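The values are calculated or read from the model by the stated rules, or taken from the named source; none is laboratory data. Keep in mind the model is a prediction, meaning the values are calculated, not measured. With ideal geometry, Cβ positions are generated from the backbone for all residues, glycine too; neighbour counts draw on all protein chains shown. In case anyone asks, the SASA skips ligands and DNA or RNA and just uses the protein heavy atoms, side chains included. Shrake-Rupley method; radii C 1.70, N 1.55, O 1.52, S 1.80 Å.
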There are 2 protein chains.
Amino acid sequence: MTSARERPTLEEVARRAGVSRATVSRVVNGSTTVAPPIQEAVRRAVRELGYVPNLAARTLVTQRTDSIALVLPETATRVFSDDPLFPGIVRGVSQELEAADRQLVLMMAGSAASHDRIERYAMGRHVDGVMFASMHGMDPLPGALARIGMPAVCSGRPLGRPAVPYVDIDHVAGVASAVRHLLDAGRQRIATIAGPQDMVAGIERLAGYREALRDSHRRSIVAVGDFTRESGAIAMRHLLDDDPKLDAVFVASDLMADGALRTLREVGRRVPADVAVIGFDDAEFARYTDPPLTTVRQPIIEIGREMVRLLLRLAEGEPVEEALILPTHLVVRDSG
Amino acid sequence: MTSARERPTLEEVARRAGVSRATVSRVVNGSTTVAPPIQEAVRRAVRELGYVPNLAARTLVTQRTDSIALVLPETATRVFSDDPLFPGIVRGVSQELEAADRQLVLMMAGSAASHDRIERYAMGRHVDGVMFASMHGMDPLPGALARIGMPAVCSGRPLGRPAVPYVDIDHVAGVASAVRHLLDAGRQRIATIAGPQDMVAGIERLAGYREALRDSHRRSIVAVGDFTRESGAIAMRHLLDDDPKLDAVFVASDLMADGALRTLREVGRRVPADVAVIGFDDAEFARYTDPPLTTVRQPIIEIGREMVRLLLRLAEGEPVEEALILPTHLVVRDSG
DNA sequence: CGCGTTTGTGAGAGCGCTCCCACGGTCGGG
DNA sequence: CCCGACCGTGGGAGCGCTCTCACAAACGCG
C-alpha cells in the first residue's frame, strides 16, 4: 500500500518493530525460534511498511536464486508452432514451480549462439537448475551442466547413455495399445508414419510399432516424417504408393496424423471405413479433426510437473531415480 | 573450461591480471577508459579463469535485474491450449530479449493467488519490467505497476483508458479487408462469429464487422463465441438458425472458424460454394483446414518483439508512444 | 540457592559487485 | 620550466541480506 519510492529494507522493518535485523530475517524466513509476540510485531511492521525481501541480496549470501530455467529448442515452437507439447510442458512446469514458490526462466535454444548463452547462464549459477524439453539428438548441454554440479533434468530420454535424470512416457506400451486396437478391429495391413529418427520419441514409437507388429506376424510398412503436418501428408502418400491395400496406419504424432487424414481425404479413402488412423499425443485439436482422431494420450502437463519435482529434489541433494516413466492411454474416437 | 567447484570472483581475476577489482569491472562492463594492453590482460584472465559475473551481486548495487516478466493469463494456455498466439508471443519476446541480453521470466496468471504473487514479485522489483499478454477485461495490475514506477506494457489495448503503453493490431482495418473481400466476391448475407465481449480483440473485431457492413448497407447477423473451436461450432449453428440463407461468415478467430467449418460440413453446406468463411489470426493450422482457411493475418511474432522494444525504452526512461498499432493483411486461401 | 543448560535475541562479518573519490602520472600553456 | 588540467587506475564504502557466534535471560536440577 505504501507508495514510497524507496523500498523498505530489513533494517527499517527491524527499527519499526523494535528488534534486530536478524530477528526480522528469522520471522520472514519462517524460523520458529522467535517468541510469538515478537513475531506478531515483526509481521505487523512488514505489513505496514509493505516490505518485500530483496532477492538479489538474499541470493548473494545464500547462493540460491529460487529460479529454474526451462530450455526449449526453438524448433519446438517454430516448426511445430501449434505443437501441443510446448504449451503443455510450460503449463505443467509453471504450476509446479508456483507451488514451490520458484520462478521460471524460459530460454529458447535456437542458434549455436543461444546455446552458448544458455551454457554461460547456467554455469554462472544464475538459476538453481535447468530443465530441457524435447531436445534433439544427443545434446551435450545437459550432461555438461550435470558434470559441473548444476542440477539438470530432461523430458524425453536423452540419446546415448543418459547423463541426467529424465521423465518420459512409455512410448512402446502406448504404441502397443494402438496397434492392438487396430488388430482387434480386424485390420490386416497396418502401416506407420514414424517421427524423426534423431529424437527419442521418433525412435521409440517406431520400435514400438515394429515390436507390436512382429508379435502378430505382420509385415511392417514404414514412412518417416518429422512430426509436422506437412510431413505427415507426404508420408501418407508414400505409404499408399508402397501398399495401396493398407487398411490402417499408426501415426507417431497427431500433427502428422492430421496431415495423413488430409491426404487420405484427397485420394478418396474413407476414414475409418477404408483406412483406420491412430495418432499419438492427444493434442487439443485431435478432437476436432475430420473424423475425430483416435490417439494415444500422453500426460503432458504431468510431464512438466514431474520434471520440476525431480529437479527440485535433485537440487536439494536428495537421491532421485534415474528415470520416471509415465503411462499413456488410448483415447478412442472415430478415426480408428 | 575450468572445473573448479568455486566460481572465480572479480577479485581473483584482478589478482591474476595484476590490476584492481575496479579495473576488471570496467573491462567487463565495456568501459573504454582502460588502456588497451590492460584490457587485453584482463580479458585473458577472464578467459583463463572462466569468470562469469555474479548477477545477484551486480543487481544488488545497480538495482537492475536484467530480466523481464511476461505475464500470461492461464486461460491463454488452458482454454486455448492450441491457440497460436501464446507460442507466437513467447517466441517474439524471446528473440528480442535475447538480442538485448535480458532474461525472460514467465508467469502464469491463473488464480487470484497468482495475481497477488505477480504483484508482489513486480513490486519487489525483481524484474525491470512487466509485459502483459492478452489479458481479459480491465485488469488493474498493469496500471497498478505503472503507478509505482514499474515499467509495464500490454499486448492488446487495455479496456478503459489505457494506463500503460500497448501494442496491438488494427483490428478494424483487418476485419474491413475481410468483409470487403467477401463483398467483392458478391456475397450477400455476411454473418459474423464474434469473440468474447470482455476482450478487446472480441470487441474491436465485432465493431469492425459492424462498421464494414454498415458501409455496404447490409444487415448484420451476429453470434458470439469465446474464441474456442467448440464455441465456433455452436455459434455457426445459431447463425444458420437465424438466417439459413447466409452465404458468408467472418469469424473472429481461426480456432472458431475451424469449429464453424465443422458445423458447416455437418449440415452439408459446401465451403466456399455455399458459404464463404474467413477467419482471423492466421494460425499455423489455418493452412490445413478443409478447405484451407482464408484469414486475416496478424504479425504475432512482431507483436512480441515490439512489446519488448517498447518496454525496454520505457525502462530506459525514454519517451514512448502510447500505442503501437501493427498492420494486418488478408491471406486468401480456399474457404472464402 | 548456585550451577549448568537451554532458549531467544543481537552484533557483526561478509557474499561479489559497482561507483565515488582520491591519487599519481602525463601533458600543454604561460 | 613550473603549475593546473586531465586521464587512467586503485582504494574503499556500501548495496540488503543471512548466518555464525556471543550473550543475556529463563529454566531445571542437585
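State the extension gain, in nm to one decimal, for the chain segment bounded by residue A:313 and residue A:218, taking 0.36 nm per residue of separation less the distance between their alpha-carbons. Intermediate results must be reported in sequence, preceding the final value.
Numbers: separation 95, 0.36 × 95 = 34.20 nm, distance 4.50 nm.
Stretched out fully, the residue A:313 to residue A:218 stretch lengthens by 29.7 nm.
Any idea what the alpha-carbon Rg over 2.2 N^0.38 Å comes to for the protein assembly as shown?
1.06
In percent, how large is the relative contact order of chain B, given Cα pairs closer than 8 Å and 6 or more residues apart?
Values: 625 pairs, mean separation 54.9, N = 336.
In percent, rounded to a whole number, it is 16.
Within chain A, what percent of beta bridges assigned by DSSP are antiparallel, to the nearest 5?
10
Which whole-number percentage describes the relative contact order of region A:10-53, with Cα contacts under 8 Å and a sequence gap of 6 or more?
Contact order relative to length: 44 percent.
At 7 angstrom along the Cα-to-beta-carbon line, where would the label on residue B:188 sit relative to the other copies? Give the distances in nm, shortest first.
Counterpart label points of residue B:188 in the remaining copies fall at 5.2 nm.
Mind jotting down a quarter of the surface of the convex hull over the alpha carbons of chain A, in square nanometres, one decimal?
On the way: hull surface 84.3 nm².
Mean projected area of the Cα convex hull: 21.1 nm².
Going from most exposed to least, what order do B:74, B:266 have by accessible area with a 1.4 Å probe?
Descending accessible area places them as B:266, B:74.
List for region B:35-56: residues with 30 Å² or greater reduction in accessible area, all protein chains versus chain alone, probe 1.4 Å?
B:52, B:55, B:56
Per DSSP H run of n ≥ 4, the term is -39500 (n - 2.57); total these for the protein assembly as shown, divide by its residue number, and report the mean residue ellipticity at 222 nm rounded to 500 deg cm²/dmol.
-13500 deg cm²/dmol
As I understand it, the value is the acute angle between the Cα axis of helix B:300-315 and the longest principal axis of the Cα atoms of chain B; what does it come to in degrees, rounded to 10?
Helix B:300-315 sits roughly 40 degrees off the main axis of chain B.
About the Cα centre of region A:171-297, how large is the charge dipole given +1 on each Lys and Arg Cβ and -1 on each Asp and Glu Cβ? Please answer in debye to the nearest 20.
My answer is approximately 420 debye.
What is the antiparallel percent of DSSP beta bridges lying wholly in the protein assembly as shown, to the nearest 5?
Of those bridges, close to 10 percent are antiparallel.
GluC sites (Glu not before Pro) within region B:282-322: which are DSSP loop residues with at most 16 other Cβ atoms inside 10 Å?
B:316, B:321, B:322
Working from Cα positions, state the angle (0 to 90°, nearest 10) between the long axis of helix B:85-99 and the longest principal axis of chain B.
Orientation of helix B:85-99: about 30 degrees from the principal axis.
May I ask you to derive the relative contact order of region B:265-336, considering only C-alpha pairs under 8 Å and at least 6 residues apart, and to give it as an integer percent?
Working: 84 pairs, mean separation 30.6, N = 72.
Once divided by the residue count of region B:265-336, the mean separation gives 42 percent.
How large is the accessible surface per residue of chain A, computed with a 1.4 Å probe and reported in Å² as a whole number?
Solvent-accessible surface per residue comes out at 42 Å².
Calculate the length of the line joining the C-alpha centroid of region A:281-325 to that of region A:179-250, in whole Å.
When both Cα centres are located, 23 Å separates them.
Ordered by residue, what ³J(HN,Hα) values in Hz, to whole numbers, does region B:48-65 give under the Karplus form 6.51 cos²θ - 1.76 cosθ + 1.60, where θ = phi - 60° and Gly and Pro are x?
Listing the rounded values in order: 4, 8, x, 5, 10, x, 7, 5, 4, 5, 5, 4, 4, 8, 7, 6, 10, 10 Hz.
Would you mind telling me the antiparallel percentage of the DSSP bridges in region A:171-297, rounded to 5? Write down the numbers at each step before the final one.
Values: 0 of 15 bridges.
Looking only at bridges with both residues in region A:171-297, the antiparallel portion is about 0 percent.
Would you mind listing the distances between the residue A:321 label point and the same position in each other copy? Use 7 Å along Cα-to-C-beta, nm, one decimal, shortest first.
Spacings between copies for this position, smallest first, are 5.6 nm.
Which ³J(HN,Hα) values, rounded to whole Hz and listed in residue order, are derived for region A:141-156 from phi using the Karplus coefficients 6.51, -1.76 and 1.60 in 6.51 cos²θ - 1.76 cosθ + 1.60 with θ = phi - 60°, glycine and proline given as x?
4, x, x, 4, 5, 4, 5, 8, x, 8, x, 8, 9, 10, 9, x
What shape does region B:171-297 take by its C-alpha gyration tensor, where a ≥ b ≥ c are the square roots of the eigenvalues and a/c under 1.5 counts as rounded, a/b above b/c as prolate, and the rest as oblate?
Values: a/c = 1.27, a/b = 1.08, b/c = 1.17.
Rounded shape, in that the Cα axes give a/c under 1.5.
In nm, what does the list of distances from residue A:35 to its counterparts in the other copies look like, shortest first, when each label sits 7 Å along Cα to Cβ?
For residue A:35, the other copies' label points sit at 6.2 nm, shortest first.
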